[in-house]
1. Could you grab the pairs with beta carbons closer than 6 Å, sequence gap of 6+ or different chains, first residue in the stretch B:32-61 and at positive phi, second one buried (at least 18 other Cβ atoms within 10 Å of the Cβ)?
2. Quickly run through the stretch A:33-64 and pick out the residues that are in contact with a Pro (Cβ under 9 Å, 6 or more places away or on another chain) and either at pLDDT below 95 or of a type in the set (A, V, I, L, M) (or both).
3. Within the stretch B:257-264, identify whether any single residue is in contact (Cβ under 8 Å) with a residue 60 or more places away in the chain and not acidic (Asp, Glu), and answer yes or no.
4. I'm checking my understanding of the structure. Among residues of the stretch A:1-51 that are among the charged types (D, E, K, R) and under 27 Å from residue B:285 (Cα atoms), which one is surrounded by the most Cβ atoms within 10 Å (Cβ to Cβ)?
5. Based on this model, can you work out whether residue B:205 counts as more than 24 Å from residue B:280 (Cα to Cα), within 14 Å of another protein chain (Cβ to nearest Cβ) and open to solvent by 10 Å² or more (accessible area, probe 1.4 Å)?
6. For residues that are farther than 23 Å from residue A:122 by Cβ and more than 14 Å from chain B (Cβ to nearest Cβ), scanning just the stretch A:267-290, find the one that is surrounded by the fewest Cβ atoms within 10 Å (Cβ to Cβ).
7. Scan the stretch B:149-170 residue by residue and report those that are buried (at least 17 other Cβ atoms within 10 Å of the Cβ) and farther than 15 Å from residue B:12 by Cβ.
8. Among what's in the stretch B:208-229 and is over 20 Å from residue B:179 (Cβ atoms) and part of a strand (DSSP E or B), pick the residue that is nearest to the other protein chains (Cβ to nearest Cβ).
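The values are calculated or read from the model by the stated rules, or taken from the named source; none is laboratory data. As the structure is a prediction and not an experimental result, all values here were calculated from the model. A quick note on method: Cβ atoms are made from the backbone with ideal geometry, for glycine too, and the neighbour counts reach across all protein chains shown. Ligands, DNA and RNA are excluded from the accessible area calculation, which covers all protein heavy atoms including side chains. Shrake-Rupley method; radii C 1.70, N 1.55, O 1.52, S 1.80 Å.
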Amino acid sequence: MAALQRLQPVSHVAVSGGTHGNEMSGIYLVKHWLREPSALQRDSFSATPFLANPLAIERCVRYVGRDLNRTFTKQFLNSKATQDEPYEVQRARKINQLYGPKGSAQAFDFLFELHNTTANVGACLIASVQDNLLPMHMCHFIQTHCTLGHYPILLYNLPDQEAYSISSVAKHGLAFELGPQPQGVLRADLLTQMGALVACALDFIDLFNKGTTFPAFETEAYRFIGSVDYPRHPDGELCASVHSKLQDKDFLPLRPGDPIFQTFSGEEILYQGHATIYPVFINEAAYYEKKIAFNKTEKCSLSIPALQRE
Amino acid sequence: MTSCSVVLEAPVQRVAIFGGTHGNELSGVFLVKHWQKNGAEIQRSGLQVTPFITNPRAVKKCTRYIDCDLNRVFDPDNLGRKVMEDIPYEVRKAQEINNLFGPKGSDVAYDLIFDLHNTTSNMGGTLILENSGNDFIMQMFHYIKNALAPESCPVFLIEHPNLKYATTRSIAKHPVGVEVGPQPQGVLRADILDKMRKIIKHGLDFVRIFNEGEEFPPCTIEVYRIIEKVDYPRNKNDDIIAIIHPCLQDQDWQPLNKGDPVFLTCDGETIAYEGDSTVYPTFVNEAAYYEKKQAFVKTVKVKLTAKGLRSSSS
């Protein structure tokens, strides 16, 4: 196991809601915190709430021009402004200006992004595969202290893929993804759980800033390895739905030969992969257009060294 | 059984099944598209059954509507409106649909239309009744409820002096709303599709049996009649300041009594139901109703009696 790792204290923290304008828990929480910020204050710092995609929020849609949460790559952030560029490209540059610049020493220390999904993921903690010290310790702290549920860790990008979500603008980030919740709907149970997760995460940062040593640990995580699309007709229309045996089974093992789709004529389509995988984001509304019926993940074990502030 | 207690109803010849009246309610969209490719399942002898997508542009965009809610514009004013450049897309569509399957109120209108919907509310497979005097539909609903038992199949009566709305299906002599949930907008669930499919199967079976001359004795059905819509508590900027309480969430069709929690504020306080009599809430937390200022609707349980029914050609 590696020696104790040290990181600078965390002072600039932001919490974003409404990266997708129809994912209501984060939007409602951020609007509340903008009126009453006391819940985001700790001894050693205060977190700044903000609404990431105001126009999409106003219209209660995921995005207006393009998916904001796929627009935080260097390609978009460093591109030159043009007349007809999508609204979200402008927003991404603005957010990068306020909470970044991505990759620089001036960037915020930590950025949280709050999401909902129509998939039955429960409450999962999503980090980039590259950023695995501070967020992993935070996840471990949440798993052991936040007792409202079970919190699987999802590493969302491939090893050589640039982190593209909003939290990648800051030095460190974490997404809270809660579901199932329909787009445009606010469920009290998920709202309460999301508020508790943010509170727990901020408690962790405060303890970290105060010099707490967080011991080394091993943890299980689910690592993204690819995705599976719906069977489609030649014209692109779906010819099957997610199978009732796979529906709602996020994070449960899917073995070769297990049913994954059922056609409208009643035939079953089975999983053709070679190994057991753990499907996540099964039947997410926003992923039909991205040609994703579910994401495939594999379970991995991470060894995380001890951590203390400098 | 004396013949004076039996209603003679004209045989049903032309039936339509509408999907995509709201473009993001996917069960109906995919069932109709499937039946347009392969309609064997919905054919019954002696019956013409036409599956039809009512709002194709909204379906293509996977959105509820383009300009305005199609399921609210089948009133005489909109149906008779002059077609100008800036007419809302859905009003234009409503007039086309009225020409194809109506005209509403005329002798040549379709006999029966099933209009397929989904809701984000936990309503199960709900049948929507527009008129408590329609013995044919009440007998159909009685038949469907029996066929699906012990699974429950609530009947929602939307007859009300000002809460009733001019639906797409209202152009037919016999309009039937099929509302299945919970399903998120833009999502297709196999179990919800299956439930909707079964309801249609039994509905069409009823029509065939009716046309073949079967006499249906008088029956009673329990329905939930709409009495009032309830909005979210809002501040002076019109922002929602309290949300559906966890004790009410997913409790469609369950009794709500005085003192029961209804809303939860940002500060964690409970707002309780203050009415004196028991009501049965439905459309609890429907996504599309936030903009219509509707957190849930209150209904009361009512027993309706349908007269005996037989086809007039038998």
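1. Listed pairs, sorted by first residue: B:46/B:211.
2. Within the stretch A:33-64, A:34, A:40, A:47, A:64 qualify.
3. No: zero hits.
4. Per the criteria, the residue is A:23.
5. The answer is no for residue B:205.
6. Filtering first and then ranking leaves A:274.
7. Let us first name the residues in the stretch B:149-170 that are buried (at least 17 other Cβ atoms within 10 Å of the Cβ), namely B:153-158, B:166-170.
Answer for the stretch B:149-170, where residues must be buried (at least 17 other Cβ atoms within 10 Å of the Cβ) and farther than 15 Å from residue B:12 by Cβ: B:153, B:154, B:155, B:156, B:157, B:158, B:166, B:167, B:168, B:170.
8. It comes out as B:216.
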